[in-house]
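Notes follow once the structure below has been shown.
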Amino acid sequence: MDRYLILADDLTGAADAAVALAGPALDAQVFLDFAAAARATAKVASVDLNTRAMAQADAAATVARATAGWVGSGRQVFKKVDSMLRGHIGAELATLCRGLRAAHGQALVPPLLCIVAPAHPALGRTVDGGRLSVHGIPASAPAVPLADDLASFGLACTALDIATLRSTSPQALSSLMESVAGVAAPELAPALVCDALTVHDMRLVADAAFRARVTPVWVGSGGLAQALGAQLEVRAVDVPVGIQATQADEEANKSLAFVVGSFSPVARQQIRALVDTGEVTCVALSINDLLNAQAGNVPGCIDALLAAGRDLVLCVDPDLEVRPELAETVARGLAAIVAPRVDRLAALVCCGGDTSRALLASMRIQSLCVRRSTETGSTHARSQSYPDLPMILKAGAFGDAGLLVRLRSQLVSAHGHLPAPSSLSSKVIP
């Protein structure tokens with residue numbers, strides 16, 4: 001089977017998992033609206049359910065509706081979860097399993113098995129003994145191992161530790177998965193919770209699951225999506241990474257805009273590196289600016305930069321205190337500023353799932369065609385609504401300090417963009 005449905009908890013994760021799973025072999029679409037996704041024609045259809053931002057009960061209800069709408073579609077299900085294990089993983093997976101059980105009953109052959117592998121080693125997120133570490137440092141959250149969280153929602157979990165994973169032959173590992181899938185589960189599917197420290201570990205899990213006589217429910221982040229994509233038997237001729245220029249892209253007087261709503265320290269480092277090139281102006285906004293996006297000096301400041309063809313990065317003033325609880329306010333404010341001006345952009349880079357979703361919603365974009373990037377955690381995209389506007393979606397906390405600089409270089413190279421010279425300060429506070 002080469003058709004997949006990704007049910008994601010946020011937008012950048014939906015895009016990241018879609019291109020990782022599709023690779024060069026399959027086409028992929030990302031949807032912001034579940035009803036619109038029912039018309040998906042791509043081999044990989046990824047839906048942002050936005051459940052990470054919801055209360056647990058609302059998240060579970062959203063997954064239940066999505067599951068009911070897609071049962072019988074002939075697609076394998078990939079439940080995308082956060083590589084930092086944020087959100088309502090146990091509640092959502094239990095709800096998904098109930099929906100699949102209700103639709104298929106106990107007689108489903110081969111039996112259901114949740115392959116739970118949330119690690120993303122390429123980004124330094126590993127799982128050992130069921131515990132998450134980030135670049136080798138044990139994460140302070142979540143408070144309990146993932147298997148304990150899943151068990152608290154009634155899932156029967158079996159741990160696949162790193163020693164067993166690496167010492168067991170592929171055939172024996174597949175047999176282990178089949179035996180776990182045979183565990184009686186009146187409402188829920190059994191779950192195999194997998195440790196992984198390297199990309200190779202992830203591929204061992206995916207390879208064994210492909211060999212096993214089970215109906216898999218894939219549960220993981222972009223790391224598992226990459227491993228699954230690498231195991232797909234049908235491989236197409238490789239395609240260019242990124243987005244190719246169109247005639248409209250050749251308008252060199254248009255600006256590149258980077259919209260960063262993330263409060264992550266990584267995102268702030270990336271902003272500083274971008275501004276340090278001397279070719280990008282940082283429009284540093286206060287919370288009040290974002291609450292009153294059409295008032296004050298903000299519109300005039302941005303319009304002047306765009307009129308001059310200046311590349312810019314819009315963000316919360318990096319010198320202000322980090323306040324994650326204001327993420328939704330920041331996302332809405334940035335969207336209100338940028339959406340009316342997208343026709344004046346050569347390309348748009350959105351950083352942070354909340355920001356990306358708010359901006360695309362303001363632009364009335366319901367779906368995206370996505371393509372893999374050379375940079376893990378970032379995705380190239382285009383929409384039917386704005387066919388001549390290249391976009392890049394990036395998770396706020398992903399990448400090193402130079403990531404935005406490299407993405408800008410790719411856009412400049414691909415689209416013949418020439419940054420406008422300017423005597424403006426590299427940081428503007430409206």
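Residue-wise test of (1) over 28 Å from V134 (Cα atoms); (2) crowded, with 18+ Cβ neighbours inside 10 Å; (3) outside the structural domain of S362 (by TED's automatic domain parsing); (4) at pLDDT below 90.
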| residue | (1), (2), (3), (4) |
| --- | --- |
| T376 | no, yes, no, yes |
| P387 | yes, no, no, no |
| I392 | no, yes, no, no |
| A395 | no, yes, no, yes |
| G399 | no, yes, no, yes |
| L403 | no, yes, no, no |
| H415 | yes, yes, no, yes |
| L424 | yes, no, no, yes |
Test: residue in the range 180-195 that is in contact (Cβ under 8 Å) with a residue 24 or more places away in the chain and farther than 25 Å from A102 by Cα:
yes
Among the residues of the range 356-367, are any at positive phi and either in contact (Cβ under 8 Å) with a residue 60 or more places away in the chain or crowded, with 23+ Cβ neighbours inside 10 Å (or both)?
no
Of those in the range 19-52 that are touching a residue at least 40 places away in the same chain (Cβ under 8 Å) and among the hydroxyl-bearing types (S, T, Y), the residue nearest to G74 (Cα to Cα) is S46
Residue list for the range 213-233, restricted to those being surrounded by fewer than 20 Cβ atoms within 10 Å (Cβ to Cβ) and in a strand (DSSP E or B):
T215
Keeping to the range 173-206, report how many residues are in a loop (DSSP other than H, G, I, E, B) and farther than 29 Å from H135 by Cα.
9
Flag for A37 being assigned by TED's automatic domain parsing to the domain that holds F210, more than 18 Å from L228 (Cβ to Cβ) and either aromatic (F, W, Y) or modelled with pLDDT of 90 or more (or both)
no
Just name the residue that is nearest to the chain's Cα centre (by Cα) out of those in the range 204-219 that are in contact (Cβ under 8 Å) with a residue 60 or more places away in the chain and over 24 Å from A8 (Cβ atoms).
A212
Please report, ordered by residue number, the helices (runs of 4 or more DSSP H) entirely within the range 261-365 with at least 3 residues that are over 19 Å from the mean Cα position of the chain (by Cα) and either outside the structural domain of S409 (by TED's automatic domain parsing) or among the β-branched types (V, I, T) (or both).
327-338
For A156, are the conditions met, namely being among the aliphatic types (A, V, I, L, M), modelled with pLDDT of 90 or more and under 28 Å from A395 (Cα atoms)?
no
Criterion (at pLDDT below 85, touching a Pro at 6+ places or on another chain (Cβ under 6 Å) and either within 21 Å of C157 (Cβ to Cβ) or not in a helix (DSSP H, G or I) (or both)) met by exactly one of A209, A245, A236:
A236
The range 176-206, subset small (G, A, S) and buried (at least 16 other Cβ atoms within 10 Å of the Cβ), residue modelled with the lowest pLDDT:
A185
Is it the case that the range 290-313 has a residue that's within 21 Å of D400 (Cβ to Cβ), touching a helix residue (DSSP H, G or I) at 6+ places or on another chain (Cβ under 8 Å) and not aliphatic (A, V, I, L, M)?
yes
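The values are calculated or read from the model by the stated rules, or taken from the named source; none is laboratory data. Everything quoted here is computed from the prediction, not taken from an experiment. All Cβ positions, even for glycine, are placed from backbone atoms using ideal geometry, and neighbour counts span all protein chains on display.
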